[in-house]
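To start, the structure itself, in structure tokens.
The values are calculated or read from the model by the stated rules, or taken from the named source; none is laboratory data. What you see is a predicted model; the values in this text were computed from it and never measured. Here the Cβ is made from the backbone with ideal geometry for all residues, glycine too, and neighbour counts use every protein chain on show.
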């Protein structure tokens, strides 16, 4: 049985522990057992929101992890203002909190682990299909 996790009172961790690693090294999208989507500020149906979170983890696998945003601390637990806010349950029993928000015309994600590690990353821009004339 996996350990319980208190996301509101994460243990202290080295803020640089994920620097130099990629999102895919920290969270292998293929090992996400379950996405628990807590918030999605979109007009998409629920199944598309869930698929989009998984897609962003796959497409962002090469994104470099950086120190967390000073204005967006992930701890303690608080209401999130991002577009997507989710809890990721890993096959290994690990737990991650994920928030993805818009910064201008790009998307930025922040991630916290049950062991207190945290960091942020920029998601790659997606090419949008051309609009019909």
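Within segment 33-61, the residues that satisfy the criterion of being within 21 Å of residue 114 (Cβ to Cβ), in contact with a helix residue (DSSP H, G or I) (Cβ under 7 Å, 6 or more places away or on another chain) and not in a loop (DSSP other than H, G, I, E, B) are 35, 37, 54, 57. Restricting attention to segment 103-114 and to residues that are over 13 Å from the mean Cα position of the chain (by Cα) and within 19 Å of residue 40 (Cβ to Cβ), the residue that is modelled with the lowest pLDDT turns out to be 103. Here residue 99 fulfils each of the conditions (1) touching a strand residue (DSSP E or B) at 6+ places or on another chain (Cβ under 6 Å); (2) modelled with pLDDT of 90 or more; (3) over 13 Å from residue 122 (Cα atoms); (4) not in a helix (DSSP H, G or I) apart from (3).
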